[in-house]
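Notes for the one structure printed next.
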Amino acid sequence: MNVGKKDFRYICYPYMRESQSTVDFEIRTDSLATRIGQASSLTEGAVREDLLYLCEMAYHLNGSVRGEMAISLQDLQRLSDLYDTYVNEVEEEIRTFLLPQGCYAATVLHTCRSEAKKSVRALHKVSLEQKVDNLLFKYAHLLANVLFVMAVYVNKCEGVKEIPFISKSYGLSKSGKGEK
């Protein structure tokens, strides 16, 4: 064994020991890309193709903080168009807060949505340490919302009814009864 040369088999990620939040963001977006890839394996057709595209874009989001900016206004527009496409299919279903449930592909997409939100939070932490282009925030927020409407769409395609969530914490008066 050559001890003078760095053996990369013992390094899963070269920046792991850094103290900057960039590392946490990169790990979060790696997890996001992995989950999106998992979701793509559970879907077919246009949904699968959209997810493979989003998987790639999650990695572009990942590298846009430490490396060159890899998210463009055109990418944001394409993501916005995807959002509109899926919202048009599930407008009725998304008028209320929904439980993250349903068929397996939809629950994985809800996990993706949650991972995207964690990525937004990690990006915020990075922004406290260095300048972050606002385009990355817009993209990351919208990505979470796209993954949500995709989850609802997949449930709809599978004939799974959405279950509304009625919060006991928000919209209640101090007496515990809803405001009128």
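The values are calculated or read from the model by the stated rules, or taken from the named source; none is laboratory data. From a predicted model like this one, the values you see are computed outputs, not experimental measurements. We place every Cβ from the backbone using ideal geometry, glycine too, and count neighbours over all the protein chains shown. What goes into the accessible areas is simple: the full protein's heavy atoms, side chains included, and nothing from ligands, DNA or RNA. Shrake-Rupley method; radii C 1.70, N 1.55, O 1.52, S 1.80 Å.
Return the residue satisfying two criteria in turn: it lies in region 39-58 and is out of contact with any Phe, Trp or Tyr (no Cβ under 7 Å at 6 or more places or on another chain) and part of a loop (DSSP other than H, G, I, E, B), and of such residues it is farthest from Ala144 (Cα to Cα). Checking each candidate, the answer is Glu44.
Taking the conditions (1) part of a loop (DSSP other than H, G, I, E, B); (2) of a type outside the set (Phe, Trp, Tyr); (3) at pLDDT 95 or above in turn, Lys125 satisfies each one other than (1). Remark: pairs (first residue in region 120-136, touching a residue at least 24 places away in the same chain (Cβ under 8 Å); second residue assigned to a loop (DSSP other than H, G, I, E, B) and aliphatic (A, V, I, L, M); Cβ separation under 9 Å; 6+ apart in sequence or on different chains) = Leu123/Val132; Val126/Val132; Asp133/Met69; Asp133/Ile71; Leu135/Met69; Leu135/Ile71; Leu136/Met69; Leu136/Ile71.
One line per residue, one yes/no per condition, for (1) among the charged types (D, E, K, R); (2) at pLDDT 95 or above; (3) open to solvent by less than 20 Å² (accessible area, probe 1.4 Å):
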position: Tyr13; (1), (2), (3): no, no, no
position: Gln20; (1), (2), (3): no, no, no
position: Phe25; (1), (2), (3): no, yes, yes
position: Thr29; (1), (2), (3): no, yes, yes
position: Leu32; (1), (2), (3): no, yes, yes
position: Thr43; (1), (2), (3): no, yes, yes
position: Arg48; (1), (2), (3): yes, yes, no
position: Ser64; (1), (2), (3): no, yes, yes
position: Leu76; (1), (2), (3): no, yes, no
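In the set (1) crowded, with 19+ Cβ neighbours inside 10 Å; (2) among the aliphatic types (A, V, I, L, M); (3) touching a Phe, Trp or Tyr at 6+ places or on another chain (Cβ under 6 Å), the condition left unmet by Ile36 is number (3).
Among the residues of region 59-82, are any assigned to a helix (DSSP H, G or I) and at positive phi? Walk me through how you get there before you give the answer.
Taking region 59-82 and keeping what is assigned to a helix (DSSP H, G or I), we get 59-66, 73-82.
Cutting the leftovers down to at positive phi gives us none.
No, there is no match, as no residue in region 59-82 is assigned to a helix (DSSP H, G or I) and at positive phi.
One line per residue, one yes/no per condition, for (1) over 14 Å from Leu98 (Cα atoms); (2) within 13 Å of the chain's Cα centre (by Cα); (3) crowded, with 19+ Cβ neighbours inside 10 Å:
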residue	(1), (2), (3)
Glu129	yes, no, no
Phe137	yes, yes, no
Leu143	yes, yes, yes
Val146	yes, yes, yes
Met150	no, yes, yes
Phe165	no, no, no
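In the set Thr96, Thr85, which member is surrounded by fewer than 16 Cβ atoms within 10 Å (Cβ to Cβ) and in contact with a strand residue (DSSP E or B) (Cβ under 8 Å, 6 or more places away or on another chain)?
Unique residue meeting the criteria: Thr96.
Before we move on, is Cys55 crowded, with 16+ Cβ neighbours inside 10 Å and touching a residue at least 24 places away in the same chain (Cβ under 8 Å)? No: the conditions fail for Cys55.
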